[in-house]
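First comes the structure, then the notes that go with it.
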Amino acid sequence: MKLTISAKATLVVAFFMAGLANAAPPDAAAGKAKAQTCFACHGESGISVSADIPNLAAQPSLSITYQLIQFRGQQRKGGAMEILAGALTDQDMRDIAAYYSALPAPLSKSGNSEKIAKGQQIASAQYCNSCHGAQFQGQKHIARLAGQSPEYLITQLKNIRSGARIDMDGTMGSAARGLSDEDIEALAAYAASLN
Ligand code: HEC
Ligand code: HEC
């Protein structure tokens, strides 16, 4: 069952990316106009208004687009995003992603130094950087974690671990499966401390 869902999600992404070849180029200025409804929560600068809402500034554009597709298809739900994304076309998503991805990254956050050091150890032992980037800056369809709100990261890691949030190809699910609550808190503190 899990495999089927992941395979379906992968297919959706594959179709979407195949469609990119013929699409109009992403337009950040148009994206800003289309993102007006998003500003109330994610901020005009891509810095969100509360800890349970993710920062979108400097997120890789493909990661933003992919998550919006997931919400629109109701494969991922939360924060009413599945309703908000329902109104967006593929071109809207690409334009909005171009806008947010070009904004300056969130500042690093201070935190408990022991937790941060422990998080760094776990991250290197688990090769989180091999996908999320050396400084957790994200790449392609893989989210930026650096400077993200730790509360948000903790919720997402727990959701991915339990399967409440699906992931496109199961790789993130297997990365999260072995993590304890303590590990997750340490990893979130470490990620938040980066810029
Ligand atoms: C009412 C507040 C609210 C509004 C308005 C809103 N969002 Fe969100 N958004 C959230 C919350 C909360 C989440 C986290 C959902 C979860 O728990 O999984 C989220 C998640 C996201 C994510 C996933 C980010 C990641 O790192 O995985 C993207 C992308 C996103 N929103 C884009 C948008 C866009 C584009 C708009 C405007 C069309 C928008 N949001 C409007 C609250 C909001
Ligand atoms: C093999 C590649 C890979 C590895 C290794 C990996 N991730 Fe991920 N990660 C992903 C992908 C792909 C996604 C997006 C999943 C989706 O929504 O389909 C993701 C999503 C996430 C998210 C959600 C981000 C957001 O903005 O909502 C967090 C948090 C995260 N990963 C943390 C970690 C941590 C911590 C580790 C190490 C323990 C790790 N990842 C290892 C590929 C990876």
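The values are calculated or read from the model by the stated rules, or taken from the named source; none is laboratory data. Keep in mind that what you see is a predicted model, and the values were worked out from it rather than measured. Counting neighbours? That spans all protein chains shown, and the Cβs are built from the backbone with ideal geometry, glycine included.
Of note:
- Taken over segment 47-68, the criterion of being outside any loop (DSSP other than H, G, I, E, B) and in contact with a Gly (Cβ under 8 Å, 6 or more places away or on another chain) is satisfied by S63 alone.
- Test for S48: is it out of contact with any Pro (no Cβ under 8 Å at 6 or more places or on another chain), crowded, with 16+ Cβ neighbours inside 10 Å and under 20 Å from L145 (Cα atoms): no
- The condition (being in contact with a Cys (Cβ under 9 Å, 6 or more places away or on another chain) and within 16 Å of ligand 2 (Cβ to nearest atom)) is satisfied by just one residue among S101, S63, S48: S48.
- Entirely in segment 69-157, the helices (runs of 4 or more DSSP H) that have 2 or more residues that are touching a residue at least 24 places away in the same chain (Cβ under 8 Å) and among the charged types (D, E, K, R): 90-101, 113-125
- Which numbered condition P104 fails, given (1) more than 14 Å from ligand 1 (Cβ to nearest atom); (2) over 19 Å from I53 (Cα atoms): (2)
- The condition (being among the aliphatic types (A, V, I, L, M) and either near ligand 1 (Cβ under 10 Å from one of its atoms) or not assigned by TED's automatic domain parsing to the domain that holds S174 (or both)) is satisfied by just one residue among I83, I122, I142: I83.
- Output for segment 127-154, where each listed residue is farther than 18 Å from I64 by Cα and out of contact with any Leu (no Cβ under 8 Å at 6 or more places or on another chain): Y127, N129, S130, A134, P150, E151, I154
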